[in-house]
Number of protein chains: 2
Amino acid sequence: MLQKDSGSNARLGKATTGHGEFLTPAFMPVGTQATIKSLSPKDLKEVGAEIIASNTYHLYLRPSQEVIGKLGGLHKFMGWGYPILTDSGGFQVFSLAALRKITEEGVYFQSHINGSRHFISPEKSIAIQEVLGSDIMMCFDECIPYPVSYDYTLNSVEMTGRWAERGKKAKGSGDSGLFGIIQGGMFGDLREKSAESILKIGFDGYAIGGISVGETKPMMCEMIMRVLPFLPEDRPRYLMGVGTPEDLVKYTGLGFDMFDCVLPTRNARNGMLFTSKGKIVIKNAQYINDDSPVDETCQCYTCKNFSRGYLRHLLIANEILSPRLNTIHNLTYYFTLIKEMRGAIEEDRFSEFRKNFYELRGENFKTGIINKHSQGGDFND
Amino acid sequence: MLQKDSGSNARLGKATTGHGEFLTPAFMPVGTQATIKSLSPKDLKEVGAEIIASNTYHLYLRPSQEVIGKLGGLHKFMGWGYPILTDSGGFQVFSLAALRKITEEGVYFQSHINGSRHFISPEKSIAIQEVLGSDIMMCFDECIPYPVSYDYTLNSVEMTGRWAERGKKAKGSGDSGLFGIIQGGMFGDLREKSAESILKIGFDGYAIGGISVGETKPMMCEMIMRVLPFLPEDRPRYLMGVGTPEDLVKYTGLGFDMFDCVLPTRNARNGMLFTSKGKIVIKNAQYINDDSPVDETCQCYTCKNFSRGYLRHLLIANEILSPRLNTIHNLTYYFTLIKEMRGAIEEDRFSEFRKNFYELRGENFKTGIINKHSQGGDFND
């Protein structure tokens with residue numbers, strides 16, 4: 001940790017990986033299939049990304065870790081020489097795969113692409129992530145749906161704990177980091193139980209998983225707050241699948257450091273753009289003759305060169321340039337926010353920043369509930 | 001004209017427009033819907049484009065010339081500050097529109113997008129192109145299909161001549177250039193007749209249209225050679241819808257200056273990539289573990305940063321980055337060829353260059369027949 005805000009729990013940190021450092025709070029765009037949809041690595045760097053997230057499940061199925069390994073590892077494969085976090089595949093196995101069968105040993109499942117049969121265990125998940133060359137690996141965990149019974153959740157939490165232990169043992173001597181994931185569904189005591197078991201094993205960082213899966217925002221917050229006291233000050237805290245700009249500000253203020261979400265990229269492809277005055281739906285007829293940029297205050301390539309009218313045209317005409325220009329804008333919005341938060345922490349004025357952030361945006365800025373699959377990417381991310 | 005090769009009819013020229021100069025021989029990528037599919041204007045400039053072609057028919061239907069006019073004209077709309085040539089809409093009206101009715105006055109037709117009813121005349125075509133702010137406008141012409149009868153072609157050629165005259169009269173005092181289009185189907189004497197009538201009217205440049213519409217390559221060449229003697233030395237000669245790299249070398253050597261074709265961009269999206277050793281189909285299984293670039297000799301962003309294995313993965317995974325990286329490569333291939341031809345003319349060694357070009361490539365380099373709609377763009381371009 002570099003610095004802590006005195007008026008909140010926000011922290012400024014720096015993490016070091018085999019592919020360089022990144023600052024926290026950090027937002028990780030999701031590159032499910034070894035590409036942040038529509039962007040080149042050059043675009044990504046230009047919008048301000050420092051670390052990205054990618055998906056073990058998707059890359060294992062296509063093109064496979066063997067292929068990526070032969071082509072020099074994930075960094076070289078996708079042309080991104082900076083930090084990469086890979087999720088364990090847990091979330092996708094449970095949300096995307098067909099006909100899965102969960103055993104203590106691991107999970108048998110069928111590919112969502114072609115129905116082929118596969119098996120992933122905690123050890124295999126680590127092995128795949130190591131072949132990919134991940135900088136930060138995640139432990140294989142069971143991601144339960146919402147809602148689910150107390151008893152099921154209890155058993156799941158216990159198994160996820162045993163899996164985490166196996167994952168840690170399976171990790172080789174490489175310089176990748178390994179994060180543990182705390183589960184527990186929507187039961188506060190099971191969240192605490194999970195936190196205790198994961199913390200006892202000891203990891204390079206701690207993630208809260210199984211949130212943003214369809215529950216209400218207050219419920220999500222309650223679960224997070226039950227876990228927070230267990231998380232040590234000196235390790236990165238990662239809130240998986242979160243979230244909206246409001247979420248980022250809120251949970252940074254509560255002491256979280258890392259976030260990933262498909263919201264800015266997926267919304268971009270659907271034409272929902274973030275601005276300093278609220279979101280806009282670029283497809284709307286009101287923008288047909290609008291010669292202003294998406295956001296007058298934005299410095300991105302899209303805003304510096306194109307009008308809302310042109311962006312609307314590209315979307316309506318189903319042009320390939322549309323998702324790219326929109327994604328450049330939305331990610332620039334996110335990374336501008338991240339930089340503003342870092343600056344506010346550095347200058348010990350985060351609580352003031354947070355107050356202004358919410359006041360300025362008000363009701364107009366609601367960005368809706370993230371859908372069930374937004375955590376860690378799904379078919380479309 | 002700046003220079004003429006002594007061993008061929010190849011010429012090096014410079015054309016001046018309201019948005020700057022461009023050198024000839026020139027290749028114009030086709031930006032049907034006010035975007036070269038998948039590329040930003042920055043990408044376009046980086047691959048070496050100096051002038052692009054766009055489509056009156058498509059822009060008239062969507063978003064309409066009124067909208068583009070309100071947003072500052074086509075250059076500002078699409079963020080391209082360099083020369084733009086617009087076709088007249090003739091080719092698209094005849095190849096895409098439904099239920100068209102041709103009269104001496106103009107053409108009644110229904111939109112291929114939504115069936116709405118429209119009318120374009122030679123005067124209206126010019127008016128639309130002027131609102132778009134085109135640097136080089138094309139006369140509205142009847143593009144006949146192949147094959148078609150002699151009598152039909154004769155009448156069509158005569159009407160296209162009258163339409164060209166009306167187009168020239170309709171042109172305002174702006175600094176846009178206006179090119180006449182020579183038609184005549186696959187009848188040599190009608191090609192000559194058309195050339196005579198268009199030349200008599202007098203234009204800033206002369207185009208041969210109605211070629212590359214499904215006829216054989218020798219037939220296409222025969223028609224072009226019938227027209228060539230009519231084309232004055234001091235005006236640009238534009239071969240519409242042409243063509244393959246071999247075509248560009250061949251017709252540059254015969255004295256043509258301007259070309260447009262969807263081949264490099266459309267093939268890119270289908271994964272057919274041009275290389276100095278022939279074309280490759282990147283989807284093929286042989287590239288799955290291939291860590292070499294598309295072309296070792298190529299200096300484009302794609303070849304400098306990504307392997308064939310990655311490009312194959314992006315295509316198979318249906319990723320948006322795939323068409324862009326492929327298009328960057330194919331257009332770089334085309335513009336590298338254009339630059340090599342210019343250099344060869346400048347150094348008075350074009351015939352030697354041409355000989356080497358064909359010898360090096362040989363049989364491996366056949367790129368197939370351009371399909372019927374490749375001229376000037378269709379639904380997909």
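The values are calculated or read from the model by the stated rules, or taken from the named source; none is laboratory data. Everything numeric in this text was worked out from a predicted model, so none of it was measured. Glycine gets a Cβ as well: all are built from the backbone with ideal geometry, and neighbour counts include every protein chain shown. These accessible areas exclude ligands, DNA and RNA; they are computed on the full protein's heavy atoms, side chains included. Shrake-Rupley method; radii C 1.70, N 1.55, O 1.52, S 1.80 Å.
Across the protein assembly as shown, the fraction of Cα-Cα pairs farther apart than 41 Å, rounded to a whole number, is 40%.
Rounded to two decimal places and with Rh computed the Kirkwood way over Cα pairs, what is Rg over Rh for the range B:122-219? The partial results should precede the final answer.
Numbers: Rg = 13.6 Å, Rh = 13.7 Å.
Across the range B:122-219, the Cα-based Rg/Rh ratio is 0.99.
Give me the inter-chain shielding for B:306-319: mean count of other chain Cβ atoms within 10 Å, whole number please. Before the final figure, lay out each step's value.
Numbers: counts 7, 6, 1, 7, 11, 0, 2, 12, 5, 0, 4, 10, 1, 8.
Average neighbour count from other chains, rounded to a whole number: 5.
Of the trypsin sites (Lys or Arg not before Pro) in the range B:177-260, which ones lie in a loop per DSSP and count no more than 12 other C-beta atoms within 10 Å?
Working: sites: B:Arg191, B:Lys193, B:Lys200, B:Arg226, B:Arg237, B:Lys250; in loops: none.
Counting only loop positions with at most 12 other Cβ atoms within 10 Å, none of the trypsin sites (Lys or Arg not before Pro) in the range B:177-260 qualifies.
When Cβ neighbours within 10 Å are restricted to other protein chains, what is their mean count per residue of peptide A:30-39?
Numbers: counts 0, 1, 2, 7, 6, 9, 3, 3, 5, 3.
Per residue, the average neighbour count from other chains is 4.
By the Cα gyration tensor, the range A:24-82 has an equivalent ellipsoid whose semi-axes, rounded to whole angstrom, run 20, 12, 10 from largest to smallest. Relative contact order, percent, of the range B:193-248 when contacts are C-alpha pairs under 8 Å separated by at least 6 residues? This gives 50 percent for the range B:193-248.
A Gaussian network model of chain A, with springs between Cα atoms under 10 Å, assigns the largest mean-square fluctuation among A:Lys70, A:Lys14, A:Lys279 to A:Lys70.
By a 1.4 Å probe calculation restricted to protein chains, A:Glu215 has an accessible surface near 10 Å², given to the nearest 10.
Work out which residues of the range B:67-97 lose at minimum 10 square angstrom of accessible surface when the other protein chains are put back, relative to the chain isolated, with a 1.4 angstrom probe, and list them by number. Residues of the range B:67-97 that lose at least 10 Å² of accessible area once the other chains are added: B:Val67, B:Lys70, B:Leu71, B:Lys76, B:Phe77, B:Met78, B:Gly79.
May I ask you to give the solvent-accessible area per residue for the range B:246-366, in square angstrom, as obtained with a 1.4 angstrom probe?
Working: 4540 Å² over 121 residues.
Value returned for the range B:246-366: 38 Å² of accessible area per residue.
For A:Lys355, the distances from its label point to the matching points in the remaining copies are 8.3 nm, ordered from shortest, with each point set 7 Å beyond Cα toward Cβ.
With the cut-off at 28 Å, tell me which of the pairs A:Lys37/A:Lys339; A:Lys76/A:Lys304; A:Lys76/B:Lys339; B:Lys37/B:Lys70; B:Lys76/B:Lys279 have Cα atoms farther apart than that.
Table pairs above 28 Å Cα-Cα are A:Lys76/A:Lys304; A:Lys76/B:Lys339; B:Lys76/B:Lys279.
Rg and Dmax of the range B:40-135, both derived from C-alpha coordinates alone, stand at 14.2, 44 Å. Kirkwood hydrodynamic radius of the range B:231-361, from the reciprocal of the average inverse Cα-Cα distance over all distinct pairs: 15.7 Å. Taking the 1.4 Å solvent-accessible surface of the protein assembly as shown as the whole, the part contributed by carbon and sulfur is 51%.
May I ask you to work out the translational diffusion coefficient for chain A at 25 °C, viscosity 0.890 mPa s, via Stokes-Einstein with Rh from the Kirkwood sum over Cα pairs, reported in whole µm²/s? Please report the intermediate quantities before stating the final value.
Details: Rh = 21.0 Å.
After rounding, the answer is 117 µm²/s.
Take every Cα-Cα pair in the range B:185-291 and report what % of them are more than 16 Å apart. Kindly include the intermediate steps, with their values, before the conclusion.
Numbers: 3610 of 5671 pairs.
Taking all Cα-Cα pairs of the range B:185-291, the fraction more than 16 Å apart is 64 percent.
List residues of the range B:255-291, by number, whose backbone nitrogen lies under 13 Å from a label position 7 Å along Cα→C-beta of B:Glu233. Backbone N within reach: none found. Among residues of chain B, the one whose beta-carbon sits closest to the B-to-A rotation axis is listed with its distance in Å as B:Ile320, 3.
Put simply, when B:160-170, A:120-130 are sorted by average Cβ atoms within 10 angstrom per residue, most first, you get A:120-130, B:160-170. Among complete DSSP H helices in chain A, those whose alpha-carbon atoms stretch at least 15 Å along the helix's long axis and whose mean Kyte-Doolittle hydropathy reaches -1.0 are A:122-132, A:188-201, A:217-227, A:321-346. When the accessible areas of A alone and B alone are added and the area of the pair subtracted, with a 1.4 Å probe, the result is around 3300 Å², both sides summed.
Averaged over its residues, the range B:1-80 has an accessible area of 30 Å² per residue, based on protein heavy atoms and a 1.4 Å probe.
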